[in-house]
Structure formats: C-alpha cells, structure tokens
C-alpha cells in the first residue's frame with residue numbers, strides 16, 4: 001500500500017512539473033508571436049480556419065483562449081471558434097506527450113486537420129439557417145496580451161506564469177492527475193474495458209459524451225487508459241476532438257447559447273471521426 005501511494009505521488013509530481021514547464025514555454029511563444037497570429041485570424045475565413053486549427057494543435061489552452069477572445073470581440077467567425085476547439089486537447093495534450101509520445105503527433109495532426117473542414121461546415125450552417133450568435137461579448141484576455149507591442153518579462157512571469165498557470169491551472173492539474181492515478185490504481189484489475197460487456201462503439205459514444213465537460217480531468221483518465229492499452233485509439237480520438245480543456249470557459253461566461261452551439265458541433269465531429277476510425281480498425 002505504501003509503495004503504491006509513493007508511486008502515485010511520484011508520478012503525479014513528475015508529470016505536473018513537466019506540464020508546468022511545457023505550459024510556460026508554450027504560453028511565452030504564444031504571446032510573443034501573437035500579432036502575426038492575430039492578423040491571420042481576422043482575414044479570410046479559410047485562413048481563419050487554418051490558423052485557428054494550428055493554434056489549437058499547440059498543447060495547452062492558450063491558443064483556444066486567444067481565438068475565443070477574438071470571437072467574443074467579433075473579430076473572428078464561429079467556424080474559427082469551432083476549428084480551434086476541435087483541434088485543441090487542452091492540458092491533456094501535455095500528458096499525452098509525456099505518456100505516449102509516439103501517438104501524440106498522430107492525434108494532434110488528425111484533430112488539427114479535422115478542425116479546418118469542421119470550421120467551414122459550422123460557418124455554412126450558421127449562414128444557411130441564419131443562426132443568431134452573440135455580438136457584444138467582453139474579452140477575457142489582458143489588454144497587454146492583445147496589444148501588438150512586445151510584453152515585458154515581469155508581466156509574463158506575474159500575470160501568465162503565476163496568476164494564470166500556477167494559480168488557475170497547476171493545482172487543478174495536480175489534483176486531477178492524482179485522482180486519475182488513484183482511480184487507475186483501484187480499477188487496475190478491471191482496467192481492460194475491452195473485456196466489459198460493451199462494444200467499442202458504445203465506448204466511443206461514452207467518450208464523446210464525457211468530452212462535453214469543460215474540463216481536462218476526464219480526458220486525462222482516457223489518456224492514461226490508452227497509455228495502458230485499455231482502450232482503442234478511436235475512443236481517445238473521440239474524446240480528444242469533443243473536449244477542449246478550459247478553452248470554452250471564457251465563452252460560457254459570455255454566451256451559454258454559443259457554447260452549446262459549438263459543443264454540438266464538437267460532439268457531432270467527435271462521433272463521426274471516432275466511429276470512422278473505429279471502422280478502419282483503430
């Protein structure tokens with residue numbers, strides 16, 4: 001029992017530290033080149049889809065927060081919003097890179113590529129059915145982050161490393177990882193869900209349903225299950241497409257309706273792509 005507790009705490013601390021370092025580096029690069037990405041996200045729609053999906057592929061929530069903020073200001077389309085949330089895997093991407101580095105690039109590539117056509121379809125549906133979207137939403141990012149001028153290192157450390165990563169993400173990530181490892185330890189004798197009286201089709205549907213939650217915790221459990229060989233790739237792919245880490249939370253505070261619209265798009269895409277991957281043997 002003591003050995004199991006030590007192993008769980010060791011793994012949790014190790015992954016938390018790795019994730020923290022990766023998040024800090026990624027957030028710095030995200031903010032450093034923000035003006036260029038901003039120009040790409042306010043131009044033609046197809047460019048918006050490509051840039052938004054590319055930002056979503058970058059591990060962490062920074063890309064999703066950036067696109068959501070632009071959407072809330074009316075500077076980018078609903079399709080770009082759908083594209084970034086399809087492509088992003090939130091904090092779970094860091095854990096996936098740590099636990100299954102061979103699979104992570106393939107998963108990121110599929111999610112990113114899927115974001116572009118899904119963004120196009122999402123905007124086409126909005127235009128065809130004249131769907132009313134939010135128009136006057138307040139931004140959630142700092143004004144300094146949205147400015148084109150370079151930001152100071154002290155601002156980055158204070159506002160982004162401390163107030164954002166450490167205060168808003170690190171404790172939550174640590175607790176979710178700890179909980180996931182505890183659950184895995186408890187269910188390890190029964191971990192091979194392929195032995196349960198449910199088909200992989202049902203698992204894909206369950207994963208897509210769980211992915212609706214605006215939180216990375218459940219995704220972490222699926223990542224760890226996949227790393228243990230307990231679920232097929234198609235199940236991990238489905239939840240990765242549907243869930244968006246914390247990326248949707250700022251939009252929820254501004255427009256629940258738009259959040260439900262984009263989640264409906266995500267769920268449909270996750271089910272279609274996940275079931276297609278399963279049909280291909282993955």
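Of the residues 281, 274, which single one is within 21 Å of residue 203 (Cβ to Cβ), modelled with pLDDT under 90 and more than 13 Å from the chain's Cα centre (by Cα)?
281
Cβ contacts < 7 Å: first residue farther than 18 Å from residue 182 by Cβ, restricted to the stretch 211-230; second residue part of a loop (DSSP other than H, G, I, E, B) and at pLDDT below 80, any location; separation 6+ or different chain. Result?
Listed by first residue and then by second, the contacts come to 214/246; 214/248.
Just to be sure I understand the filter: pairs with C-beta atoms under 6 Å, separated by 6 or more residues or on different chains, first member in the stretch 91-119 and free of Cβ contacts under 8 Å to residues at least 60 places away in the same chain, second member crowded, with 19+ Cβ neighbours inside 10 Å and part of a helix (DSSP H, G or I). Which pairs pass?
104/96; 104/97; 108/57; 112/53; 112/57; 112/87
Taking into account only those residues within the stretch 244-260 that are under 17 Å from the mean Cα position of the chain (by Cα) and part of a helix (DSSP H, G or I), which is modelled with the highest pLDDT?
260
Go through 206, 231, 241 for me and flag whichever is in a loop (DSSP other than H, G, I, E, B) and modelled with pLDDT of 85 or more.
The conditions single out 231.
Yes or no: residue 212 within 30 Å of residue 271 (Cβ to Cβ), modelled with pLDDT of 80 or more and either in contact with a strand residue (DSSP E or B) (Cβ under 9 Å, 6 or more places away or on another chain) or not in a helix (DSSP H, G or I) (or both)?
The answer is yes for residue 212.
The values are calculated or read from the model by the stated rules, or taken from the named source; none is laboratory data. A quick note: this is a predicted structure, and the numbers were derived from the prediction, not measured. All Cβ positions, glycine included, derive from the backbone under ideal geometry; neighbour counts span all protein chains shown.
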